[in-house]
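A.B. asks: What follows is a single structure, and I will ask about it in a moment.
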Amino acid sequence: MAERVSRVANRTINFVDIPESAQRQAMLDLGMPEWQVTAVLELQEYYVKGQGGEVTGVLANLLGRAPLTLDQFLEEFKDSFLPSKIASNNS
């Protein structure tokens, strides 16, 4: 994913594997309730273990069209990944 975003952003994007304990503490420090932090981390674990990757027709049925691929999404919204856009959004 980082390589694909790097390509459209025309800059290097690195994946950083943040330890679960640090993620938990950061979310708690932001004021998220414990139940929500636990739910987010459990969902993340579900995906990290390779679950949730089954492709079905549900989204296409809901949308009434084929969903965008990741590469289509990145191309369509590439301006959102440019440094000047990101810097202004963080202001």
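A.B. asks: Any residue at all in region 76-91 that's open to solvent by 100 Å² or more (accessible area, probe 1.4 Å) and either of a type in the set (A, V, I, L, M) or assigned to a loop (DSSP other than H, G, I, E, B) (or both)?
C.D. replies: Going through region 76-91, the residues open to solvent by 100 Å² or more (accessible area, probe 1.4 Å) turn out to be 76, 89-91.
The next check asks that each one be either of a type in the set (A, V, I, L, M) or assigned to a loop (DSSP other than H, G, I, E, B) (or both); those that pass are 90-91.
Yes - at least one qualifying residue is present in region 76-91.
A.B. asks: Exactly one of (1) modelled with pLDDT under 95; (2) out of contact with any Ser or Thr (no Cβ under 9 Å at 6 or more places or on another chain); (3) not acidic (Asp, Glu) is unmet by Ile13. Its number?
C.D. replies: Ile13 satisfies all of (1) modelled with pLDDT under 95; (2) out of contact with any Ser or Thr (no Cβ under 9 Å at 6 or more places or on another chain); (3) not acidic (Asp, Glu) except (2).
A.B. asks: Are there any helices (runs of 4 or more DSSP H) wholly within region 1-64 with 3 or more residues that are among the polar types (S, T, N, Q) and open to solvent by less than 90 Å² (accessible area, probe 1.4 Å), and if so which?
C.D. replies: Numbers: elements: 2-9, 20-29, 34-48, 58-63.
Once the helices (runs of 4 or more DSSP H) in region 1-64 are filtered for at least 3 residues that are among the polar types (S, T, N, Q) and open to solvent by less than 90 Å² (accessible area, probe 1.4 Å), what remains is 34-48.
A.B. asks: Based on what the data block shows, is Phe73 of a type outside the set (Asp, Glu) and in a loop (DSSP other than H, G, I, E, B)? Spell out the reasoning first.
C.D. replies: Numbers: of a type outside the set (Asp, Glu): yes; in a loop (DSSP other than H, G, I, E, B): no.
Judged against the criteria, Phe73 is not a match.
The values are calculated or read from the model by the stated rules, or taken from the named source; none is laboratory data. As the structure is a computational prediction, the values presented were derived from the model and not from experiment. Positions of Cβ are generated from backbone atoms using ideal geometry, with glycine treated the same way; all protein chains shown enter the neighbour counts. Heads up: the accessible areas ignore ligands, DNA and RNA and are worked out on the full protein's heavy atoms, side chains in. Shrake-Rupley method; radii C 1.70, N 1.55, O 1.52, S 1.80 Å.
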